[in-house]
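Some notes on the structure that comes next.
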Amino acid sequence: MSETVNVRRVGVIGVGEIGRAIVTGLCEGDGDPPEVFLSPRGARTAAELSGLYDSVRVCAGNQEVVDRSELVIIAVRPRDRHEALAGLRVDDGTIVVNLMAGVGDDELRRILGTGAPLVRAIPLPAVRERDSVTVTCPAHPAVEALFARLGGTLPVEDEAAFNVFSALTGTLTTHFGYLAALTSWAVGHGVPAEVASRYVRGLFQGVGRALGDESRSLQQLAADHETPNGSNERVRTTWFSPANSAALDRVLDDLLAGLSRPADGSGEAADGQEKRRPSSRR
């Protein structure tokens, strides 16, 4: 692997939950971790990570992060992008990875005023365990090598396709909300909350492992888990009706439209990228 691909100095500007997950995955994975330079944004998390890992250092400011790094990950909330990035000097040889949903490369290049290669990415919290495929755009060997350490990459051809995947990511906490609704229903019928939660978690953890079998389509997986005219088929066909399916399509279409239009400075359309957490955000 060439020196260009095997990045040894990684900077992170904006150390929130996704930044923490990336650093943890890099430092606890196989092989020697890269040196990681953290911005003082998210000071508590940055200090915690530098205390845990010898290869992690907290810098005095964002410019120091850029100056020390071969590859810089920008993980600030989109609404904070101007405050955090204004005035940064980014050398054309530095690789910049943009995690800000709804903030395209054209806008980021205007903010930074650099000719550096820009790559958008959608890492999920599971990169912490090195168990999540990260969508990237465009493909770049150094970025692919970095995220290969964290579970792999899925490069897409253009930002239009990238925004579709970003919109899909916006459905993550709906899944948790669905499980919470099932748990609440059971509690309403007299099952203790802890017991209901334990059962629902176990039920869907077990079923979720079937997703690793890519030889079967999602439709086939559904069919394999239900009996004709049985309980699962009844719930699926009654609850996930054509009307509900159309409503979901509308929500996703609206989200995609917001992600695809130029950001207006509010960061509202893009705020979810920073907020993806395994518990209650995005």
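Out of the residues in the range 184-218 that are open to solvent by 70 Å² or more (accessible area, probe 1.4 Å) and of a type in the set (Ser, Thr, Tyr), which is nearest to SER132 (Cα to Cα)?
Applying the filter and picking the extreme gives SER215.
Within the range 1-103, considering only helices (runs of 4 or more DSSP H) that don't extend past its boundaries, which have at least 1 residues that are β-branched (Val, Ile, Thr) and either farther than 24 Å from THR153 by Cβ or open to solvent by less than 10 Å² (accessible area, probe 1.4 Å) (or both)? Break it down stepwise before answering.
Numbers: elements: 17-28, 43-52, 62-68, 81-85.
The qualifying helices (runs of 4 or more DSSP H) are 17-28, 43-52, 62-68.
Any residue at all in the range 58-74 that is closer than 21 Å to SER260 by Cβ and either at pLDDT 95 or above or within 23 Å of the chain's Cα centre (by Cα) (or both)? Outline the logic, then answer.
Taking the range 58-74 as the starting set, the residues that turn out to be closer than 21 Å to SER260 by Cβ are 74.
Subsequent filtering for residues that are either at pLDDT 95 or above or within 23 Å of the chain's Cα centre (by Cα) (or both) retains 74.
Yes, the range 58-74 contains a residue that is closer than 21 Å to SER260 by Cβ and either at pLDDT 95 or above or within 23 Å of the chain's Cα centre (by Cα) (or both).
If I ask for residues that are within 20 Å of LEU85 (Cβ to Cβ), assigned to a strand (DSSP E or B) and either touching a residue at least 60 places away in the same chain (Cβ under 8 Å) or open to solvent by 10 Å² or more (accessible area, probe 1.4 Å) (or both), which ones from the range 119-137 would you list?
ILE122
I need the full set of residues from the range 104-115 which are in a helix (DSSP H, G or I) and either open to solvent by 40 Å² or more (accessible area, probe 1.4 Å) or touching a strand residue (DSSP E or B) at 6+ places or on another chain (Cβ under 8 Å) (or both), in order please.
Taking the range 104-115 as the starting set, the residues that turn out to be in a helix (DSSP H, G or I) are 105-112.
Across the range 104-115, the qualifying residues are ASP105, ASP106, LEU108, ARG109, ARG110, LEU112.
Collect the residues in the range 138-155 that are under 13 Å from the mean Cα position of the chain (by Cα) and open to solvent by 60 Å² or more (accessible area, probe 1.4 Å), keeping them in residue-number order.
Listed by number, the list holds a single entry, LEU154.
Out of THR136, THR171, which single residue is within 22 Å of ARG261 (Cα to Cα) and modelled with pLDDT of 95 or more?
Working: THR171 fails: modelled with pLDDT of 95 or more.
Just a single option satisfies the conditions, and that option is THR136.
Taking the condition under 30 Å from VAL97 (Cβ atoms), free of Cβ contacts under 8 Å to residues at least 24 places away in the same chain and acidic (Asp, Glu), does ASP158 pass?
Numbers: under 30 Å from VAL97 (Cβ atoms): yes; free of Cβ contacts under 8 Å to residues at least 24 places away in the same chain: yes; acidic (Asp, Glu): yes.
Answer is yes for this residue.
Looking at the range 228-246, I want the residues that are closer than 17 Å to TYR178 by Cα and assigned to a helix (DSSP H, G or I) and have a partner that is at pLDDT 90 or above and open to solvent by 70 Å² or more (accessible area, probe 1.4 Å) with Cβ atoms under 7 Å, at least 6 apart or on another chain. Which pairs are those?
Filtered contacts from the range 228-246: ASN232/HIS225.
If you scan the range 156-179, which residues turn out to be buried (at least 17 other Cβ atoms within 10 Å of the Cβ) and farther than 14 Å from ILE122 by Cα?
Matches in the range 156-179: THR173 only.
The values are calculated or read from the model by the stated rules, or taken from the named source; none is laboratory data. Every value quoted in this text rests on a predicted model; they were computed, and no experiment measured them. All Cβ positions, even for glycine, are placed from backbone atoms using ideal geometry, and neighbour counts span all protein chains on display. Remember, those area values only see protein heavy atoms, side chains included, never the ligands or the DNA or RNA. Shrake-Rupley method; radii C 1.70, N 1.55, O 1.52, S 1.80 Å.
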